[in-house]
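The values are calculated or read from the model by the stated rules, or taken from the named source; none is laboratory data. It should be emphasised that the depicted structure is a prediction, and the values quoted were computed from it without experimental measurement. Virtual Cβ from ideal backbone geometry, glycine too; neighbours counted across all protein chains shown.
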Amino acid sequence: VQALTWFRDERSSFDAAINGIVRDLSRNPDRDKIAQDLRDNIHAVPAWMYPLVETITRRIAEDQTEGAPEPERAKGDHAEDVH
């Protein structure tokens with residue numbers, strides 16, 4: 001997240017930077033702890049980063065929700081009419 005300061009003057013690069021951060025964190029087994037740390041310590045980053053950090057933590061949560069198996073499908077159900 002600190003690397004975002006490099007992009008401060010080139011705001012057109014924020015989307016690519018955020019996408020990369022979210023992609024990397026989504027693969028990290030400690031992503032929940034990292035996201036919580038970002039939320040808990042948002043005051044430690046410059047104010048102009050607040051919306052970026054909020055976007056990152058929101059997208060990490062969304063990625064987890066989308067990637068979670070559906071409870072009824074996770075129990076070993078199989079697709080119907082597939083032979």
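Hey, does the range 9-17 have a residue that's part of a helix (DSSP H, G or I), modelled with pLDDT of 90 or more and surrounded by 16 or more Cβ atoms within 10 Å (Cβ to Cβ)? No, the conditions are met nowhere in the range 9-17. Under 9 Å by Cβ, and 6 or more places apart or on different chains, what pairs join a residue from the range 46-57 that is loosely packed, with under 15 Cβ neighbours inside 10 Å with one that is among the polar types (S, T, N, Q)? So the pair list comes out as 46/5.
Scan the range 18-47 for residues that are within 12 Å of the chain's Cα centre (by Cα) and either hydrophobic (A, V, I, L, M, F, W, C) or on the phi > 0 side of the Ramachandran plot (or both) and report the count. Qualifying residue count, the range 18-47: 7.
Count, please, the residues in the range 8-46 that happen to be more than 20 Å from residue 65 (Cβ to Cβ) and of a type in the set (Val, Ile, Thr).
Kept after step one, since they are more than 20 Å from residue 65 (Cβ to Cβ), are these residues of the range 8-46: 8-17, 20, 40-46.
Within this subset, residues satisfying the condition of being of a type in the set (Val, Ile, Thr) are 42, 45.
Of the residues in that region, 2 qualify.
Any chance the range 58-78 includes a residue that's part of a loop (DSSP other than H, G, I, E, B), hydrophobic (A, V, I, L, M, F, W, C) and at pLDDT below 90? Yes: the range 58-78 contains one or more residues that are part of a loop (DSSP other than H, G, I, E, B), hydrophobic (A, V, I, L, M, F, W, C) and at pLDDT below 90.
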